[in-house]
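Enquirer: My questions all concern the structure below.
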Ligand SMILES: Nc1ncnc2c1ncn2[C@@H]1O[C@H](COP(=O)(O)OP(=O)(O)O)[C@@H](O)[C@H]1O
Ligand SMILES: [Mg+2]
């Protein structure tokens, strides 16, 4: 299931604003890659270029290349909706469909893909909720609204919803920033489990979290207001946090700025 992402020469714009400049990197399958860097350096923008969500914004465009194994995601015959199906996303604020039941939240994507039949749906809903470490907490209230869960449970519900359609890549944009420490640990444990099957990218403001959950870390920075964000360095997480090559990375991880 997991696939490799290879980005080359990627730029993203919002109208005239050049948001990220010339990014090239490889994101390895069956591992966790963390994106760190100060606010506004383009982490979320870059993440959204990886599943063609950036261009949903009016006036937004992308230059450069993103390969998912051998498929060029920006190729002229590629359907962006299909890309978003194989590269799932989990957002900063848990966003379950509020009036839908827990069950339907998880089953929504499958139904959209034309899966019918209660047996099949039941099976995938249970597998996805188990996969998201949520099954035991919700199995007796599957028909209740997703909005009735705690924040941490809602985020795991969103992860269950994302993995229900069996994506090849999971992009997570600060998935724990709205969660308490216990829920944060639950999500981190989950990420550690999921990486055996998926290619995972996680944006985080929390340095300890990047160090705990990721195999590789990419540090992004911005030279000043109005300047585009850039990838400064990417390496094994242990190297980035103990002996980075770039001074800007060291300043950031030691808390000297950002
Ligand atoms: N929808 C948008 N329209 C215009 N500019 C945007 C939009 N979203 C982000 N930006 C700009 O792009 C730059 C990068 O933002 P973002 O990707 O959100 O950074 P980060 O996630 O690292 O905080 C910032 O200058 C931000 O103001
Ligand atoms: Mg962001």
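Nothing in this text is a laboratory measurement; each read-out follows from the coordinates by a stated rule. Since the model is a prediction, treat every value here as computed from it, not as a measurement. Cβ atoms come from the backbone with ideal geometry, glycine included; neighbour counts cover every protein chain shown.
Enquirer: Determine the equivalent ellipsoid of the stretch 1-56 by diagonalising the alpha-carbon gyration tensor, then write out the semi-axes as square roots of 5 times the eigenvalues, largest first, rounded to whole Å.
Expert: Numbers: eigenvalues 87, 33, 22 Å².
Equivalent-ellipsoid dimensions as semi-axes: 21, 13, 10 Å.
Enquirer: With each pseudo-label sitting 7 Å past Cα toward Cβ, what's the residue 6-residue 245 distance in nm, one decimal?
Expert: Modelled inter-label distance: 1.9 nm.
Enquirer: How would 49, 254, 33, 70 line up from fewest to most surrounding beta-carbon atoms within 10 angstrom? Walk me through the intermediate numbers first.
Expert: Details: 49 27, 254 11, 33 24, 70 8.
By the 10 Å Cβ count, ascending, the order reads 70, 254, 33, 49.
Enquirer: What is the gain in length, in nm to one decimal, between residue 141 and residue 39 on full extension, counting 0.36 nm per residue of separation less the C-alpha to C-alpha distance?
Expert: Working: separation 102, 0.36 × 102 = 36.72 nm, distance 3.85 nm.
Contour length minus Cα-Cα distance gives 32.9 nm.
Enquirer: Per q in 0.17 Å⁻¹, report the Debye log10 I(q)/I(0) for the stretch 105-253, using one uniform scatterer on each alpha carbon and no solvent.
Expert: -0.98
Enquirer: If you wrap a convex hull around the C-alpha atoms of the chain and split its volume per residue, what is the figure in Å³?
Expert: Details: hull volume 32.8 nm³, N = 258.
Output value, Cα hull per residue: 127 Å³.
Enquirer: Roughly how many nanometres apart are two label points built 7 Å out from the Cα toward the Cβ at residue 189 and residue 123?
Expert: Placing both labels 7 Å along Cα→Cβ, they lie 2.8 nm apart.
Enquirer: Label the stretch 72-191 by shape, choosing from rounded, prolate and oblate, from the square roots a ≥ b ≥ c of the eigenvalues of the Cα gyration tensor; if a/c is under 1.5 it is rounded, and otherwise prolate applies when a/b is larger than b/c, oblate when it is not. Intermediate values should be presented prior to the final figure.
Expert: Numbers: a/c = 1.99, a/b = 1.22, b/c = 1.64.
Oblate, since a/c reaches 1.5 and b/c is not below a/b.
Enquirer: Tell me whether the stretch 167-235 comes out rounded, prolate or oblate; compute the Cα gyration tensor, take square roots of the eigenvalues as a ≥ b ≥ c, and use a/c under 1.5 as the rounded threshold. Don't skip to the answer; put the middle values down first.
Expert: Details: a/c = 2.18, a/b = 1.56, b/c = 1.40.
Verdict is prolate for the stretch 167-235.
Enquirer: Pairing the Cα long axis of helix 181-194 with the longest principal axis of the chain, what angle in degrees results, from 0 to 90 and rounded to the nearest 10?
Expert: Helix 181-194 sits at roughly 90 degrees to that axis.
Enquirer: Let me ask something else about it. Would you give the gap between the C-alpha center of the stretch 18-73 and the C-alpha center of the stretch 106-141, rounded to a whole Å?
Expert: Their Cα centres are 29 Å away from one another.
Enquirer: How would 252, 74, 14 line up from fewest to most surrounding beta-carbon atoms within 10 angstrom? Could you put the intermediate results ahead of the total?
Expert: Details: 252 23, 74 17, 14 14.
In increasing order of surrounding Cβ atoms, one gets 14, 74, 252.
Enquirer: Could you sort the peptides 102-108, 218-224 by per-residue average Cβ neighbour count (10 Å cutoff), highest mean leading? Present the calculation step by step, with values, prior to reporting the outcome.
Expert: Values: 102-108: 23.4, 218-224: 19.4.
So the peptides 102-108, 218-224, ranked by packing, come out 102-108, 218-224.
Enquirer: Quick one: work out the % antiparallel among DSSP beta bridges in the chain, nearest 5.
Expert: For the chain, the DSSP antiparallel bridge percentage is about 55.
Enquirer: Hey, another quick one. Only counting other Cβ atoms within 10 Å, I'd like 134, 10 sorted with the fewest neighbours first.
Expert: Details: 134 24, 10 21.
Neighbour counts put them in this order, fewest first: 10, 134.
Enquirer: Which FRET efficiency value, to the nearest 0.05, do you get for residue 223 and residue 115 by plugging their Cβ-Cβ distance into 1/(1 + (r/R0)^6) with R0 = 30 Å? List each step's numbers first, then the result.
Expert: On the way: r = 48 Å, r/R0 = 1.60.
Using R0 = 30 Å, I get an efficiency of 0.05.
Enquirer: Assuming R0 = 22 Å, can you tell me the calculated FRET efficiency for the pair residue 17 and residue 72, based on Cβ-Cβ distance, to the nearest 0.05?
Expert: Numbers: r = 25 Å, r/R0 = 1.16.
Working from the Cβ atoms, E equals 0.30.
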